[in-house]
Structure formats: structure tokens, C-alpha cells
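The values are calculated or read from the model by the stated rules, or taken from the named source; none is laboratory data. What you are looking at is a predicted structure, and each value in this text was computed from that prediction instead of being measured. No Cβ is skipped: glycine too gets one built from the backbone with ideal geometry, and neighbour counts run over all protein chains shown. We work out accessible area using only protein heavy atoms, side chains counted, and drop any ligands, DNA or RNA first. Shrake-Rupley method; radii C 1.70, N 1.55, O 1.52, S 1.80 Å.
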Amino acid sequence: MTGKTAPPAKKPAPAAAKKKAVSAPKEEAAPKEEAAPKEETAPAPATEGPPAPEHPLEQLPAPTDESAPIPVEAGAEATPVPAEGSPAPPAEAPAPDPNLEKPKEEPPSCPLSLAVEEVSENSFTLTWKAPEQMGRAGLDGYVVEICKNGSSDWKAVNQEPFLSTRYTIPNLSSGEKIHVRVMAVSASGTSVPATLEQPVLIREILQLPKIRMPRHLRETYIRRVGDAVNIMIPFQGKPQPEVSWTKGGQPLDTNRINIRNTARDTIFYIRQAQRSDSGKYELTVQINGAEDKATLDIQVVEPPGPPQNLKLVDVWGFNVALEWTPPVDNGNSEIKGYRVQKSDKKSGKWFTVLERCTRTSCTISDLIIGNTYSFRVFSENICGLSDSAAVASGVAYIEKTKTTYQPEKIPQRDMMEPPKFTQPLTDRTTTRGYSTHLFCSVRGFPQPKIIWLKNQMEIREDPKYIALIDQGVCSLEIRKPGPFDGGVYTCKAVNPLGEASVDCRLDVKGEI
């Protein structure tokens, strides 16, 4: 077979070539032959030759040029050629190179903020926060280990990692001191453990620590320099908690500050406060890892220094302008304002002009002409006024100014007016024997002369009639009129510019 080509289709092929030619189509057409009704024997192993065909070789059709097998060299494996319409076999993937190694992944970082949340008679509860670095593989969970005080044998308390950041360690003996640590676990390894600095004493906490800060101490506590500071802050907790004071994270100076603790409160005492005692003090009440904190803000103040650079800026008329700058030392408190005072040379006494002036300048008015004034300014804070004042170097003299009085010229107004009645007479009816009055009003300038007439006859000095005029109101009294007193009465007003008159009728009835 080696090096020979396939014979023509009409000539019988050698036996070996026929066997290969027959075996190749059978392997590719295996699915079609499974559907055939005749039975086939199991294929032989690859080392053995293919089975002989059931029919004689003369009855097998000779392969054509398209389906003829391609000869191969001796010792080489024959690759079957797929028939028409059959799918090509998939290409095999290249084998990985065992010499190339994958990069190693880093384990997660250490858990954060490990703390004791609660301690009971036979257990305690831990809390912590997830690590900053989880790793590519993600976090599988946490492992908690404990070790008794004085021993180096660490034991895991959980069999499988868990993802919760809170864990209670049970079945402990009261009075034991337990060291504890927590590690983060992932597929890439185990983190550095987070360990509590102090061992946990196993004993029951009957009451959690709680500081009851008084209301007036929740704001800034203000005292003056030299005053005593005596503060009592109550708290609660069972068993008796541990109390500690710090300032800026450092222990207190026991030479100046005295601390006395009882089972229910703590007393903070300073005999004579100084400005250096100002600041924020931290109070911590702790029971076996459970704690409560409070802050005490103390401000020690004193009067401020005087203002600086007081100047007399300007003097004009009755006014003076002053300017100054804030004090160098505000007494450890905010400057609330300034008090401005003046003093005249004659009396030598100081009088307050402005209080709580919030600006560093002012104008003083209503000064007396001819006086000489001096000025001073105090600064003021929560303690009060400064011990001394800033005094202006110069004085202000209010000069007399020459003024000439010029009366206002009022134009003369022509007040001349002829008489004019503003209220006429009205007809009246009266009863015999009862006095009656007639009224009217008139205006005019100069004041007109009033003349009364009865039936066009002037009434002269007759005691029966009384004529009066007041503020332009004219009246005529008729005393106990009789039947002959009825008639037409006329009031006439006369001045140099003219005259005017009004009439009315009076009827007198007899007695009823």
C-alpha cells in the first residue's frame, strides 16, 4: 500500500485498499446506518483493522475520484474526510502552557473599629466594621478567636466564616479575662487580625454607664478669673464604673484641678480659675468596654483692656467726631461694645454720652457753645467695662458764632371786608309774658355797627329790649312781650365798606 495510488474504477482494488476505502465511508456515515434495519457489529479497537464487508468485493461499487481516500505514508494516521453535507469536526484548542503562572491575589485588609458592645455574666458581644480592602475574590466572612489571659493558645469560636459584623461569644466563665481578635477571610487568604488592646473581664453589667449632664453645663460654662469652679456631674452604672477626665486627650494637671469620684457622681473643682483653665474637658464613664462620654466647655474671662488710639477727628458747630481701635486684650471674651463719656472744663465731671456703641467711631452732638470738652472711651465684654479708659489727647472748644437775627418778612394782607350775615334771623312765635331772643351772625372788617329795627323803626334805649354782640353773634332779648310787641324785626350791620340786613317776624300769642 505504501506509495501506491488508487486503481481505476473498473479494476478490482487490492484488498488492503478496499478495506480502507470501505472503512472510511462507514465511520462518516454511521448515523445513516443506525437507521438501517440490519444489525452491525461493534467497532473494533483502533489498532485492529476494520471488519470485512458482508458482501463480496465484486458487488461493492468502486469509489469515484471525489470519494476516493487520499493515500498516506506508512506509520501515519489516516484522517477521515467528511462526506458532502456533513459538518466539519471542531478544531482542537491549543493546550495551555504549564510554565505560565497566575499572579497571586492579596488577602483582605484588617477589620476596623473592633469594640465591646455588651458584657454579661457568661458572654460578651463584639462589633466591628468591614475592612477597607476586600480583594478581588470578595469576602467569605470573619473568624473570631479568643485566648484566656496569661495563655498564648488562640482558639476559633466559630467553625465557618460568617458575614455579620456583630458576634456574641457565649459559654464563658464569670471572672475570666479574655483576649479577642477578629480576622477577615477570603479565597486569597486571611487578613491581619484586629485585636482588642485590653482583655475583657467577664461579669454582668446590671446598668449601662450613662452621664446625666446638667442643663446649664451643656452650654459654655463661664467664670471670672479668680473665681472658684465647683461642678458636680451625676452618672449611673452598675457595677461601679471607671471615671476618667482628660483635656485635649491628655490627663489633667492635678496640681490645679481636683477630681473626686463617688459611686453616683464626679466633682470637678478649681480653687482659683485662671484663663489657662479655659478649654474643653472630656469625661468618660466606662464599664468593661461599654462607655459614655460628655464634654464640659469652660471659659474663664476677665475685663478687657482699654481701646487704642483714641483720636479727636473733627469739631464743627455743636458736634465732635471721635475714632479709636479695639483693645489689644479682649479678656478672653467677645467685645460687646464701647462706652463714650464727655467732661466739660467748668465742672470737671464725666457724663456718659453713648452706651454699647458697637462701632469704633461716633459723633457727639448738642454740645454747649463756649465750653471746652474732653472725651474718653471704655471697652466692654461679658465681665463689664475695662478697668481703665482711653482718653483723647486733644480737647474740643465749641466756639461762639456771630449770628444776626433777621425776622421773617410777612406780606401784609388786606383784611377789609364789608358786612355779611352768615346766619340770618328766623321767624319765631312766643307766648305773652315770656321773654324771647332773636339771633343772627355777621362778619366784616372793620367790625360793623349793629342796628336793630322794629317795623322799620330803630330801637333805641328802651329797657324792654337788650341788644348784644359777641364774636360776630348778634342777639336781641325782648323781655315779657305783649300783643303789641309782635311785628317785623330787622338787624342791620354797617361799616365803612357797606351795610347788610336780615329780617324775621315775631308773633305773640295770648296765654293759654
query: Which pairs break 32 Å Cα to Cα here: Lys336/Lys400; Lys148/Lys280; Lys129/Lys210; Lys155/Lys247; Lys345/Lys409; Lys210/Lys336?
result: Lys336/Lys400; Lys148/Lys280; Lys155/Lys247; Lys345/Lys409; Lys210/Lys336
statement: Of 160-168, 235-243, ordering from highest average Cβ density within 10 Å down gives 235-243, 160-168
message: Could you work out what % of the accessible surface of the range 208-301 is carbon and sulfur, using a 1.4 angstrom probe and leaving DNA, RNA and ligands out of the count?
response: 42 percent
- line: With the dipole of the range 417-509 defined by +1 on each Lys or Arg Cβ and -1 on each Asp or Glu Cβ, the option from Pro419, Pro448, Cys491 whose Cα lies farthest towards the positive pole is Cys491
- prompt: For labels at Glu176 and Asp414 in the simple 7 Å Cα→Cβ model, what's the distance in nm?
  reply: 12.8 nm
query: Calculated FRET efficiency, Ser120 and Thr220, Cβ-Cβ r, R0 35 Å, to nearest 0.05?
result: 0.30
field: Full-stretch length increase - Ser435, Gln207 - with 0.36 nm per residue and alpha-carbon distance subtracted
entry: 71.3 nm
query: If r is the Cβ-Cβ distance from Gln406 to Asp470 and R0 is 60 Å, what FRET efficiency results, to the nearest 0.05?
result: 0.90
- prompt: Of Asn330, Gly394, Gly348, whose Cα points farthest to the positive end of the dipole of the range 311-398 (charges on the beta-carbon: +1 Lys, Arg; -1 Asp, Glu; origin at the Cα centre)?
  reply: Gly348
- prompt: Accessible area, 1.4 Å probe, largest first: how do Arg479, Arg339 sort?
  reply: Arg479, Arg339
Cut-off 12 Å (backbone N to label point 7 Å along Cα→Cβ of Gln272), residues of the range 216-257: 225-228
query: Measuring from label point to label point, each 7 Å out along Cα→Cβ, what is the Ser188 to Glu399 span in nm?
result: 9.1 nm
- line: Contour minus Cα-Cα span, Ala137 to Asp153, at 0.36 nm per residue, comes to 2.7 nm
- prompt: Taking the range 417-509 as the region of interest, what is the percent of Cα-Cα pairs per 5 angstrom bin, listed from the shortest bin to the one with the maximum distance?
  reply: 3, 14, 26, 25, 17, 9, 4, 2, 0
Separation of the Arg260 and Lys480 label points, Cα + 7 Å toward Cβ, nm: 11.0 nm
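May I ask you to derive the FRET efficiency for Gln236 and Gln308 from their Cβ-Cβ distance with R0 = 60 Å, giving the value to the nearest 0.05?
For R0 = 60 Å, the calculated efficiency reads 0.70.
Could you do me a favour and compute the accessible area per residue for the range 311-398, 1.4 Å probe, result in Å²?
Accessible area per residue, the range 311-398: 55 Å².
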